[in-house]
Amino acid sequence: MAGMRDVAKEAGVALSTVSFVLSGTGYASPEVIKKVKEAAKQIGYKVPDTKNKNTIAVLLPVITSSFYSNVLSGIENTFAEKGYTVLFGNSGFDFEKEMQFIKTVKKQALSGIILSSAYPVEKENEYFKLLKKDFADRNIPVVFLESHVESDEFFSINIDCYKNAFIATEHLIKQNHKCIAHISGPPGKQTTMQRIDGYKAALESYDIVYDESLVSSGDYSPNSGFIAIKNLMNKRSDFTALFAANDQMAIGAMKAIKSYGKSVPNDIIIIGNDNLAVSSLITPSLSTINVPTYQMGHTAAKIILDTQQEIPCEKTYNLECNLIIRQSTEPYANNEWELFGW
């Protein structure tokens with residue numbers, strides 16, 4: 001049976017564009033709309049009836065990133081087995097776009113909604129009240145990804161960002177480094193603050209004084225990691241180790257470090273976070289924290305399926321992560337390629 005991915009391939013556009021056009025949840029030019037609809041007709045794809053209760057809404061920050069595409073695969077595969085339809089949107093870490101998506105999908109007859117949210121910490125209470133009114137009070141389960149939500153109204157799949165940041169930073173310290181920089185995520189986000197706190201705690205536990213000048217923020221893209229290193233180098237260039245909040249920024253940072261005539265790991269050792277498949281393929285391969293992305297998506301989908309059958313579910317599910325040591329922190333570490341998930 002043809003799906004949206006097939007439509008995207010036929011039309012030569014992004015998967016998110018197909019979702020926007022066919023669900024009416026985003027803007028596309030008339031030319032793109034025509035191209036998508038003609039492709040759908042050509043391969044026999046029919047827009048799902050949104051009045052069907054077996055419809056799930058999913059909002060992710062960057063669907064095209066391998067991290068979130070793995071999460072989406074876990075969601076899609078689990079729901080496909082049960083005959084559910086998935087409508088998804090792309091926020092680009094923009095809370096205004098997220099709010100627009102919420103306003104659109106609340107009009108649909110949904111079985112559940114899954115969010116990897118970009119809400120600012122200061123807007124949490126207001127946002128939660130809105131989600132309660134629009135979804136939870138209508139018996140539509142809301143599942144948050146990558147976070148622990150302190151509310152009995154919602155479910156959450158928790159990744160312990162504090163613990164992961166502590167482990168990553170401690171690994172750098174154990175390689176005999178004391179001047180350790182950090183590229184954080186966007187300011188004001190819950191996961192960003194948790195990782196910074198974990199980074200600080202690891203430094204303090206080894207009697208290393210936290211230095212704000214060693215921290216620069218990015219937006220999780222490789223380019224932002226490149227720019228963050230440039231910003232750090234303009235302030236100080238004496239750091240010998242770096243913890244980046246995700247692998248993409250870590251890889252951008254590696255390129256920037258090379259542009260300064262320095263090498264990884266001889267001059268600066270680096271660790272990322274997420275364990276994207278590409279991190280095993282670059283040279284040197286990137287040490288990182290493994291996050292079970294597919295399992296995250298599968299678990300979120302299973303929560304919604306279980307609630308539909310009135311099977312009791314925990315409000316918070318904690319997913320275990322683990323340290324992956326590669327050559328960016330230990331030159332003689334194993335360098336096996338990851339050939340799945342990309």
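The values are calculated or read from the model by the stated rules, or taken from the named source; none is laboratory data. Please read these numbers as outputs of a predicted model, since none were measured by experiment. FYI the Cβ positions are ideal-geometry reconstructions off the backbone, even for glycines, and counts take in every protein chain you see.
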Can you find, within segment 237-268, the residue that is nearest to the chain's Cα centre (by Cα) among those that are within 24 Å of Ser66 (Cα to Cα) and outside any helix (DSSP H, G or I)? Asn246
Among (1) crowded, with 20+ Cβ neighbours inside 10 Å; (2) among the polar types (S, T, N, Q); (3) assigned to a helix (DSSP H, G or I), which single condition is Gln295 missing? (1)
Among the residues of segment 58-112, write down those that are farther than 28 Å from Glu310 by Cα and either touching a strand residue (DSSP E or B) at 6+ places or on another chain (Cβ under 7 Å) or among the β-branched types (Val, Ile, Thr) (or both). Val62, Ile63, Thr64, Phe67, Tyr68, Asn90, Ser91, Glu98
Of residues in segment 83-101 being under 19 Å from Leu22 (Cβ atoms) and hydrophobic (A, V, I, L, M, F, W, C), the one nearest to the chain's Cα centre (by Cα): Phe88
Extreme residue, surrounded by the fewest Cβ atoms within 10 Å (Cβ to Cβ), among residues of segment 220-236 that are part of a helix (DSSP H, G or I) and among the charged types (D, E, K, R): Lys235
Odd one out for Asp238, checked against (1) closer than 17 Å to Asn176 by Cβ; (2) at pLDDT 95 or above: (2)
Taking segment 184-201 as the search range and keeping residues that are small (Gly, Ala, Ser) and in a helix (DSSP H, G or I), which one is surrounded by the fewest Cβ atoms within 10 Å (Cβ to Cβ)? Ala201
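Residues checked against (1) touching a residue at least 24 places away in the same chain (Cβ under 8 Å); (2) out of contact with any helix residue (DSSP H, G or I) (no Cβ under 9 Å at 6 or more places or on another chain); (3) within 30 Å of Gly3 (Cα to Cα); (4) surrounded by fewer than 17 Cβ atoms within 10 Å (Cβ to Cβ):
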position	(1), (2), (3), (4)
Gly89	yes, no, yes, no
Leu145	yes, no, yes, no
Ala168	yes, no, no, no
His177	yes, yes, no, no
In contact with a Gly (Cβ under 6 Å, 6 or more places away or on another chain) and either within 30 Å of His148 (Cα to Cα) or part of a helix (DSSP H, G or I) (or both) - does that describe any residue in segment 202-219? yes
Take the conditions touching a residue at least 24 places away in the same chain (Cβ under 8 Å), within 21 Å of Cys313 (Cβ to Cβ) and of a type in the set (Asp, Glu) and apply them to Glu122. Does it pass? no
Please pick out the residue among Ile75, Ile63 that is buried (at least 20 other Cβ atoms within 10 Å of the Cβ) and in a loop (DSSP other than H, G, I, E, B). Ile63
Please specify each residue of segment 314-342 satisfying the condition of being assigned to a loop (DSSP other than H, G, I, E, B) and at pLDDT 90 or above. Glu314, Lys315, Glu320, Cys321, Ile325, Arg326, Gln327, Ser328, Thr329, Glu330, Pro331
